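What follows is one structure encoded as structure tokens, with my remarks underneath.
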Amino acid sequence: MSLSYGVGSFFALDVGTDALRMVELTSTGKQGWSLSHFAYVPVSRQILQDSSDAGKRRLGETIASAAEQAGIKTKKIALGLPSSKTFTTIIEIPTQDNKSMEKIIRYHADQYIPMPIDEATVDYVILGPSPNDPQVTEVLLSSTATKYAEERMEGVEAFGFDLIAMEPDSVAMSRALTPPGITDARLIIDYGEDSTDLTVVYNGAPRLVRSLPGGLSILTRTVAGSLNVKESQARQFILKFGLAQDKLDGQVFKALDQPLENFAGELTKSVNFFRAKYPNINVGGILLSGFAGIIPFLGEYIEAKTGIATSEGTPWQMVRVTQQQQQALSQVAAEFAVAIGLAERTNSR
């Protein structure tokens, strides 16, 4: 795992729940990046979840083929790690010289992670003095099971790739979605298939990271049961009509109101926790990613429930793309937040 910058030429790989996303960027200096190569490859969940040798081989072959077809020449990869496989938190230690703080972190890491230290791969980034107390330094700490990390490394290196960095999806996503130049905090919601990541970002770094069980699959089953339809049809209803109360007699909204009410409650809890820790920092907005930015009227629902301005996040905000690339990405552009965030690792803002 690596949370630091400066990894040289590479491409980013996001292995999602139903697709692979690849991005290779070229730095354009302070203005951001330009899109060099990309790939979006739908992959069955059966292959993505198959941990057998045959399953790993099929996935590796898919990655190699996609990279070749996208025109990616470099063999170096930065890989995203799903929140379900990582633990990320912010810790505080007394401010002192970096070497002393590094010793404290390494020697006491087992106090902060929910797994035996000899079974974990741990990395960290020193964020700097706490906004509340300059005598305390905040550190972003992340860990994953060593066995899982080694399996991911072996899986890509078996096909000639060089895995140079692994990073939690929540950290990568935050890098891509946080608007440049803002002085307040933002809550980023990445609504996935089976889980949802909540990240509060301030001053360019995550200050609160949570992962909630449940995503679009839960909503789909809820609507299917309420409307007595197949899950495939329920999914179409959600993605097409969302929370529109003038469609299907508002049945989708009625079915989802309670689970989304609970979800909005978790958002409020996260914001209140952040405000309690940083009373002088305002949460100026909520940014939607994943299915949260696709389901119609979900943003309006969240804004009404939380009282915080809500909008769709823009992962491509610092990346120049050609008109031809825009056309090719038109249906899936919103799904690239993690891949773009990983690809933007080489520069800091």
Among (1) in contact with a Phe, Trp or Tyr (Cβ under 8 Å, 6 or more places away or on another chain); (2) modelled with pLDDT of 90 or more; (3) open to solvent by less than 20 Å² (accessible area, probe 1.4 Å) - the single one residue 64 does not satisfy: (3)
Residue within segment 143-156 that is at pLDDT below 85 and either touching a Gly at 6+ places or on another chain (Cβ under 6 Å) or hydrophobic (A, V, I, L, M, F, W, C) (or both) present: yes
Qualifying residue in segment 168-180 (condition: open to solvent by 30 Å² or more (accessible area, probe 1.4 Å), in a helix (DSSP H, G or I) and out of contact with any strand residue (DSSP E or B) (no Cβ under 7 Å at 6 or more places or on another chain)): yes
Pair list, Cβ under 6 Å, 6 or more apart: segment 11-27 residue free of Cβ contacts under 8 Å to residues at least 24 places away in the same chain, other residue surrounded by fewer than 21 Cβ atoms within 10 Å (Cβ to Cβ): 26/34; 26/36
Selection status of residue 237, open to solvent by less than 10 Å² (accessible area, probe 1.4 Å) and out of contact with any Lys or Arg (no Cβ under 6 Å at 6 or more places or on another chain): no
Test result for residue 311, surrounded by fewer than 18 Cβ atoms within 10 Å (Cβ to Cβ) and of a type in the set (Gly, Ala, Ser): yes
Selected residue (only one of 291, 297 is aromatic (Phe, Trp, Tyr), open to solvent by 60 Å² or more (accessible area, probe 1.4 Å) and under 20 Å from residue 223 (Cα atoms)): 297
Elements of type strands (runs of 3 or more DSSP E) contained in segment 77-163, each with 1 or more residues being closer than 23 Å to residue 339 by Cα and open to solvent by 60 Å² or more (accessible area, probe 1.4 Å): 86-94
Flag for residue 215 being open to solvent by less than 10 Å² (accessible area, probe 1.4 Å), over 30 Å from residue 132 (Cβ atoms) and either touching a strand residue (DSSP E or B) at 6+ places or on another chain (Cβ under 9 Å) or among the β-branched types (Val, Ile, Thr) (or both): yes
Hey, residue 321 open to solvent by less than 30 Å² (accessible area, probe 1.4 Å) and not acidic (Asp, Glu) or not: no
Evaluation of residue 197 against (1) touching a helix residue (DSSP H, G or I) at 6+ places or on another chain (Cβ under 6 Å); (2) part of a helix (DSSP H, G or I); (3) of a type in the set (D, E, K, R) (one fails), failing number: (2)
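The values are calculated or read from the model by the stated rules, or taken from the named source; none is laboratory data. Predicted model only: the values in this text are computed from it and were never measured. Neighbour counts are summed over all protein chains in view; Cβ atoms, including those assigned to glycine, are modelled from backbone coordinates with ideal geometry. Areas reflect the complete protein model, heavy atoms only, side chains present, ligands, DNA and RNA absent. Shrake-Rupley method; radii C 1.70, N 1.55, O 1.52, S 1.80 Å.
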